[in-house]
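Here's the structure, in C-alpha cells; my notes come after.
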Amino acid sequence: MAIGRVTARPSGVSEKFLNNNIINRLKTTILLGGLTGLVIAVGYYFGGQNGALVALALSAIMNLVSYWFSDKIVLALYKAKEILREANPKFHLMVERSGKELCAVVCFRSWF
C-alpha cells in the first residue's frame, strides 16, 4: 500500500470503478481514431487525395461533435426529462448524497 494513498471509499463503489477512467478514455480515442481512418479511406476511394482531405475535415467535425455533445445527443434520443426536486425529493437527496461521496473520494485521490 502506497503512503498517502486514500483507501477509504463510499460503500458500493469498487476500486475497479474508480480506475476505469483511463481505460474509458483510451477506448474512446481508439473508437474515434478508427472512425476517422474509415472515413478517410472511403474518401480516398471515391475522391483520391482530395477526397481524403475532405473526409479528414468531415471526420474532424464529426469527432468534435461526438466528443463534446454525445451526452446531449443520447439524452435527446431517449427523450429524457429532468426530474424536479418537488416531484421526487427523495431521489434528489439520494443522488446528491452519492455524488458528494464519490466526488470526495475521486477528488481527494487525484492529489496523490
_Can you find, within segment 58-69, the residue that is farthest from residue 37 (Cα to Cα) among those that are out of contact with any helix residue (DSSP H, G or I) (no Cβ under 9 Å at 6 or more places or on another chain) and surrounded by 11 or more Cβ atoms within 10 Å (Cβ to Cβ)?_
69
*Kindly indicate the residue of segment 23-52 that is in contact with a Phe, Trp or Tyr (Cβ under 9 Å, 6 or more places away or on another chain) and free of Cβ contacts under 8 Å to residues at least 24 places away in the same chain and also surrounded by the most Cβ atoms within 10 Å (Cβ to Cβ) among those meeting that condition.*
52
_Residues of segment 86-99 that turn out to be at pLDDT below 90 and either under 20 Å from residue 35 (Cα atoms) or of a type in the set (Lys, Arg) (or both), as a count_ = 1
*Does residue 74 qualify as being in the same structural domain as residue 31 (by TED's automatic domain parsing) and closer than 15 Å to residue 32 by Cα?*
no
*Just give me the residues in segment 79-104 being assigned to a loop (DSSP other than H, G, I, E, B) and within 24 Å of residue 21 (Cβ to Cβ), in sequence order.*
80
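The values are calculated or read from the model by the stated rules, or taken from the named source; none is laboratory data. These figures come from a predicted structure and were not determined experimentally. Heads up, the Cβs are rebuilt from the backbone with ideal geometry, glycines too, and the neighbour counts pull from every protein chain shown.
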